[in-house]
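Okay, so here's the structure we're looking at.
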Amino acid sequence: MINDANRSPRIVLYEPTGSTAEAVLKPNKAIRGGIPICFPQFANFGSLEQHGFARNKLWSLDNDPSPLPPANSQSTVDLILRSTEEDLKTWPHRFELRIRISVSASKLTLIPRVRNIDNKSFSFMFALRNYFSVSDVSEVRVEGLETLDYFDNLMQRERYTEQADAITFDGEIDRVYLSTPTKIAIIDHEKKRTFVLRKEGMPDAAVWNPWDKKAKALPDLGDEDYKTMLCVDSAAIETALILKPCEEWKGRQELSTVSSSYCSGQLDPRKVLLAV
């Protein structure tokens with residue numbers, strides 16, 4: 001966990017060799033990495049700025065995270081973001097957005113919560129945009145999304161059904177998979193490592209990699225960095241979440257890794273998905 005240019009805490013997952021040399025830390029600009037929080041809009045699925053405004057804001061420590069229980073054996077921080085008068089000019093709804101971040105030896109847990117403190121109902125989208133560091137994205141498989149419907153953002157959000165037995169990567173991808181399972185596996189063959197993503201309250205999953213041409217057009221991503229990154233997001237996009245006054249929504253995401261020898265057949269990734 002680091003403080004960015006605004007002294008705002010951000011989760012940054014990194015390899016000991018370091019992160020992209022093109023990373024940019026500027027006020028009111030999200031870092032390309034870690035887990036940006038997309039609220040109250042995902043991507044350009046609405047009239048607000050890309051992925052909403054929450055990821056660009058200065059958060060505060062939350063001294064009263066009740067009713068969440070204490071996190072006994074984990075290193076934990078509770079953060080809160082409250083709507084401002086500036087926010088109300090573009091999104092006229094008063095809210096409190098809280099997130100608990102817990103780190104243990106085996107997993108990273110995020111518990112986001114949104115409370116409606118307005119006198120009228122509102123709807124919103126939400127996503128945890130997970131940037132995974134991988135050895136070579138062309139050697140990565142994502143399992144758990146097969147046979148599902150998805151919106152293809154490269155095809156004017158046309159709806160398709162996934163036909164492959166796993167998602168593999170040989171070009172740009174920008175999709176939102178719908179009604180996804182609670183467990184997804186990201187299998188990195190070269191590193192013999194599998195990321196396991198478990199989620200609650202976020203039924204969709206976005207998958208993104210810009211590939212070479214778009215990577216060169218992004219000022220905060222190195223030209224070759226697309227090869228070693230992949231976004232797989234926990235999200236609520238297709239059906240907006242609706243809160244009446246005083247209601248609260250809660251989600252949960254757990255990220256863990258398991259050592260694997262998938263290429264030699266010693267690990268069946270479906271066992272990872274089924275937790276057996």
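Scanning the range 52-100 for residues that are assigned to a strand (DSSP E or B) and either free of Cβ contacts under 8 Å to residues at least 12 places away in the same chain or acidic (Asp, Glu) (or both) yields a total of 2.
Output yes when any residue across the range 140-153 is at positive phi and either surrounded by 19 or more Cβ atoms within 10 Å (Cβ to Cβ) or in a strand (DSSP E or B) (or both), and no when none is.
For the range 140-153, residues at positive phi and either surrounded by 19 or more Cβ atoms within 10 Å (Cβ to Cβ) or in a strand (DSSP E or B) (or both): present.
On the stretch given as the range 242-276, residues that are within 30 Å of ILE117 (Cβ to Cβ) and either of a type in the set (Gly, Ala, Ser) or modelled with pLDDT under 55 (or both) total 1.
If you go through the range 193-245 and keep only what is of a type in the set (Gly, Ala, Ser), under 20 Å from TYR150 (Cβ atoms) and in contact with a Phe, Trp or Tyr (Cβ under 8 Å, 6 or more places away or on another chain), you end up with GLY201, ALA205, ALA206, ALA235, ALA236, ALA240. For the range 101-119, the set of residues classified as surrounded by 14 or more Cβ atoms within 10 Å (Cβ to Cβ), part of a loop (DSSP other than H, G, I, E, B) and of a type in the set (A, V, I, L, M) consists of ILE117 only. The set of residues in the range 60-105 being under 22 Å from GLY33 (Cβ atoms) and out of contact with any Lys or Arg (no Cβ under 9 Å at 6 or more places or on another chain) consists of SER75, ILE101, SER102, VAL103, SER104. Does VAL196 count as closer than 19 Å to PHE42 by Cα and either in contact with a helix residue (DSSP H, G or I) (Cβ under 8 Å, 6 or more places away or on another chain) or among the polar types (S, T, N, Q) (or both)? It is false that VAL196 is closer than 19 Å to PHE42 by Cα and either in contact with a helix residue (DSSP H, G or I) (Cβ under 8 Å, 6 or more places away or on another chain) or among the polar types (S, T, N, Q) (or both).
The values are calculated or read from the model by the stated rules, or taken from the named source; none is laboratory data. Quick caveat, the model's predicted, so the values are computed rather than measured. Quick reminder, even Gly has a Cβ in these numbers, built from the backbone with ideal geometry, and neighbours come from all protein chains shown.
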